[in-house]
Amino acid sequence: MIDVLYFAWVRERIGLPRERLDTAAETVADLVAELVAREERYAAAFADTSALRVALDQELADFSAPLAGVREVAFFPPMTGG
Amino acid sequence: MIDVLYFAWVRERIGLPRERLDTAAETVADLVAELVAREERYAAAFADTSALRVALDQELADFSAPLAGVREVAFFPPMTGG
Amino acid sequence: MRVAVQAEAFDPGHEATGFGQGMPGVGAVVTFAGVVRDTTGTLAAMEIEHYPGMTERAIAGILAEAVARWHLLDALVIHRHGRLGPGEPIMMVATAAAHRAEAFAAAEFLMDYLKSRAPFWKKEITATGAEWVAAKDADEDALDRW
Amino acid sequence: MRVAVQAEAFDPGHEATGFGQGMPGVGAVVTFAGVVRDTTGTLAAMEIEHYPGMTERAIAGILAEAVARWHLLDALVIHRHGRLGPGEPIMMVATAAAHRAEAFAAAEFLMDYLKSRAPFWKKEITATGAEWVAAKDADEDALDRW
């Protein structure tokens, strides 16, 4: 089981801030493919992953990163703090 | 008549903060030559004019600048504010 | 060193009062504050979303790098989240170092990194709707200088 | 805009409280404070001499250039003279602009110019004597970048 979190417009498009998933995905990209196949709102949110960032256990990561041992995945647009 | 002001170690070497002079000097350099010829303490203060700055009526100037119309001349070392 | 991620309003000057003072070796203190700017004259509010947990980790990591790189003797980061009105301070950083070049560089580094690497997202609320602020290429490019 | 050349002590944070706030268009506020640093552990006091009249003129001129060049919406310069103890703030600048790059650049410009072009001279007083602080080539060189 893995916690998946969504922020900003990713959260708005998917319609929820977080969910708990049972997945066999080996990488972030695999997980994204799984989500996209699920429902249109996920497909809309992940239409262009180059416009997205991902964090694994609260550290920025690449979409090619493995999910082994990861408890929390977060998807969000580029940050706009400061 | 012209007011001549001294600051920092120039003031200390000459031994006074300001004086009023009657001079026919045409440029700052002429005035310095006049002062140096006067007394040893002036010669000591003006030994190396490359280590000094001059202001005419409170604006930085060169030692070659003319004194015509100037009411206040100030000599001091490079500034160390901030 | 102090990091605060908070919903509450703050005044940057008030937070900087006494900052870096009484610490031997401090010769220069720099502060930066970012303020909600109403560029179009129609901004009702700015909403700032963040990622609790990761926000604190990311800021702590950026701060540790700045402290080590510029030998900071003290540092401070405050960043708000939630709903802010035009003119309200969004965030601030403060740096104390021996010399001014270090204090300035560290403050600019903190700003550049907090802007693009700390998980905050801004949404502008106007009378006619709401829009997420897009990240600027210039902000990402600003990281290259460090 | 405010310029103060004063013998009285001040707290930079206190002076910056409210600075740049409530002014439409302000997105970034930078402050810098210089502090008397005891590099040798023997400093009893720092004495700052200045040239009354020219000091105010020089600061006003430098400030006007910064305001025009970086479109500052507000600016502040405070510089002390007289006798200061270790750890006491010597001077501060504050700048308010639309964007952070402008506010930072203007504050650094002000510092570089005030250091080498405003008529102040520092003397370090220790238990064993007093010595005028020499101007650094690096400070003069810093002006070249503007």
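Every number here is computed from the coordinates shown, using simple stated rules; none is lab data. Since the model is a prediction, treat every value here as computed from it, not as a measurement. All Cβ positions, even for glycine, are placed from backbone atoms using ideal geometry, and neighbour counts span all protein chains on display.
Taking region C:1-15 as the range and being over 16 Å from C:LEU63 (Cβ atoms) and either buried (at least 24 other Cβ atoms within 10 Å of the Cβ) or in contact with a Ser or Thr (Cβ under 7 Å, 6 or more places away or on another chain) (or both) as the test, the residues that pass are C:ASP11, C:PRO12, C:GLY13, C:HIS14. Listed here are the strands (runs of 3 or more DSSP E) enclosed by region C:1-92 that have at least 3 residues being more than 7 Å from every other protein chain (Cβ to nearest Cβ) and under 30 Å from A:GLU12 (Cβ atoms): C:2-6, C:43-50, C:74-80, C:82-84. Starting from residues that are among the aliphatic types (A, V, I, L, M) and under 15 Å from the mean Cα position of the chain (by Cα), keep the ones in region C:47-66 and report whichever is nearest to C:TYR113 (Cα to Cα). Filtering first and then ranking leaves C:ILE62. Taking the listed residues C:THR95, C:THR128, the one that is buried (at least 22 other Cβ atoms within 10 Å of the Cβ), over 19 Å from A:GLU59 (Cα atoms), more than 7 Å from every other protein chain (Cβ to nearest Cβ) and not aliphatic (A, V, I, L, M) is C:THR95, with no other qualifying. Selection of first residues in region A:46-65 that are free of Cβ contacts under 8 Å to residues at least 12 places away in the same chain and of second residues that are assigned to a helix (DSSP H, G or I) and β-branched (Val, Ile, Thr), restricted to Cβ pairs under 9 Å at least 6 apart or on distinct chains, gives the following pairs, ordered by first then second residue: A:ALA47/A:VAL36. All of B:LEU31, B:LEU60 fail the test of being more than 30 Å from C:ARG100 (Cα to Cα) and aliphatic (A, V, I, L, M), apart from B:LEU31.
Quick one: C:PRO24 ticks every box in (1) in contact (Cβ under 8 Å) with a residue 40 or more places away in the chain; (2) more than 24 Å from D:ALA105 (Cα to Cα); (3) not small (Gly, Ala, Ser) bar one, so which box is it? All conditions are met except number (1).
Quick check, is C:ALA134 surrounded by fewer than 23 Cβ atoms within 10 Å (Cβ to Cβ), part of a loop (DSSP other than H, G, I, E, B), within 12 Å of chain A (Cβ to nearest Cβ) and more than 16 Å from the chain's Cα centre (by Cα)? Yes.
In region A:19-41, of all residues being in contact (Cβ under 8 Å) with a residue 12 or more places away in the chain and exposed (fewer than 14 other Cβ atoms within 10 Å of the Cβ), the one that is farthest from A:LEU60 (Cα to Cα) corresponds to A:ASP22.
Note on region C:98-124: residues that are of a type in the set (A, V, I, L, M) and facing another protein chain (nearest Cβ under 8 Å) total 6. Checking each residue in region B:1-43 for being touching a strand residue (DSSP E or B) at 6+ places or on another chain (Cβ under 9 Å), among the charged types (D, E, K, R) and under 28 Å from B:GLY81 (Cβ atoms) picks out B:ASP3, B:ARG11, B:GLU12, B:ARG13, B:ARG18, B:GLU19, B:ARG20. Only residues that are within 24 Å of D:ALA134 (Cβ to Cβ) and among the acidic types (Asp, Glu) were counted in region B:60-82, giving 1.
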